[in-house]
Amino acid sequence: MGDRTEAGSSDGLSRGFEAAQDICRRHARSFYFASIFLPHHKRQAAFAVYAFCRLLDDATDRPGESAFGPADPQRAIARFERLLEVVYAGRFAPADLADNLPEYRSAAAAPALAAFAATVRRYRLEKQWFVDLMNGCRMDLCVDRYQTWNDLEVYCNRVAGAVGLMMCPIFGLSDRAALPAAIQMGNAMQLTNILRDIREDLERGRIYLPREDMDRFGVSEDDLAAGRLTDDFKSLMRFEISRARGMFRVGSAGLGFLAPDGSRQTACAMAMIYAGILDAIEALDFDVFSKRASISFWRKCARLPAALRLARREAMDPLIDMFTM
């Protein structure tokens, strides 16, 4: 098909890909930064998938900010389920958007969903990955504590591992045996988000840190709520950061199976940037209560040489450990 998708040949769908890109530019700055390596048609596709995931997340986790609503998150997920059925039935097109989904008619972000539908068709993305993502969003509506890491891993698999799988066809994964590594990479990024966003999650009434880990290190919910930067809390964070880095290492084993057309470079850049958030947490002496750990534009640039070195590794080459401090 060359560098133009069937969607890219339509003015309406071209606007859809532009809308998806804008969503990514505003809400996924790290991925937007890393995507510079991707060929144009793959970058469009990745933006479209991200836009769907972001719109779903906003509708369920930030209903006041959602382009679609309604305020009831359960009803919002039902809307996205209906949308997914339409997409996989092959009935979704800009011309009949209002007929199939009239409630989306006036939504400013609706064109991005048309781009998503075109991406699903072109790359044959598996429906189950998006179903898993929706089920993960449902967990956020009914689960606000996790007893064990195994419990939390189920959640990570659904909201992040599934996203790793979605990107595999777009990034040209050459061997399905590497799919578990993609799940691990997604989960590593999700655990990194959890460690960075402890304060924000507390404000939503959620604690993702496994209870068994908190008990092991003597950290209570009251400690978290009070923002107590105790030695016990720091030990807990060191343990979870080590776990995340181990998952990055396991996930990086699959990066060599991605296409060397910029896809592998983008995935490696994302891995190194996200791993850098763990470094930033450590640089704050684990104080995630008073400041959000982040990576500046220039620090992202500084991590690119390591990412490109990792991207030179072929599938069967010895694993390069870029994540151990």
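The values are calculated or read from the model by the stated rules, or taken from the named source; none is laboratory data. For clarity, every value in this text was computed on a predicted model and none was experimentally measured. Ideal geometry is used to build each Cβ from the backbone, glycine not excepted, and the neighbour counts take in all protein chains shown. For accessibility, only protein heavy atoms count, side chains too; no ligands or nucleic acids. Shrake-Rupley method; radii C 1.70, N 1.55, O 1.52, S 1.80 Å.
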**Q.** Within the accessible area of the chain (1.4 Å probe), percent carbon and sulfur
**A.** 50
Q) Given the Cα-Cα distance of Arg309 and Glu200 and 0.36 nm per residue of separation, how much length would full extension add, in nm? A) 35.8 nm
Q) Of Ala76, Ser242, Leu304, which is farthest along the charge dipole of the chain in the positive direction, counting Lys and Arg as +1 and Asp and Glu as -1 at C-beta? A) Leu304
Q.
Residue by residue through segment 216-223, what is 3J(HN,Hα) from phi via Karplus (6.51 cos²θ - 1.76 cosθ + 1.60, θ = phi - 60°)? Round to whole Hz and write x for glycine and proline.
A. 4, 9, x, 10, 9, 4, 4, 4
Q: With a 1.4 Å probe and every protein chain left in place, tell me how much accessible area Leu55 has, in Å² to the nearest 10.
A: 10
Q | Where segment 183-325 is the region considered: accessible area per residue in Å², 1.4 Å probe | A | 43
Q: Could you compute the FRET efficiency for Trp298 and Asp321, with r as their C-beta to C-beta distance and R0 at 25 Å, rounded to 0.05?
A: 0.50
Q: Classify segment 123-244 as rounded, prolate or oblate from the Cα gyration tensor: take a ≥ b ≥ c as the square roots of its eigenvalues, call it rounded if a/c is under 1.5, otherwise prolate when a/b beats b/c and oblate if not.
A: prolate
Q: With a/c under 1.5 counting as rounded, go ahead and sort the chain into rounded, prolate or oblate using the C-alpha gyration tensor (a ≥ b ≥ c being the square roots of the eigenvalues; past the cut-off, prolate if a/b is larger than b/c, else oblate).
A: oblate
Q: Please give the peptides 257-264, 268-275 ranked by average Cβ packing (other Cβ atoms within 10 Å per residue), highest first, as a rough proxy for protection.
A: 268-275, 257-264
Q) Under the rule of -39500 (n - 2.57) per DSSP H run of 4 or more residues, summed and divided by the residues of the chain, what mean residue ellipticity at 222 nm is obtained, to the nearest 500 deg cm²/dmol? A) -20000 deg cm²/dmol
Q) How big is the shadow of the Cα convex hull of segment 222-317, averaged over all directions, in nm²? A) 6.9
Q: Go ahead and run the numbers for FRET between Asp232 and Asp287, Cβ-Cβ distance against an R0 of 22 Å, rounding to 0.05.
A: 0.95
Q. Rounded, prolate or oblate: which one fits segment 172-226, using the alpha carbon gyration tensor with axes a ≥ b ≥ c (rounded when a/c is under 1.5, else prolate when a/b beats b/c, else oblate)?
A. prolate
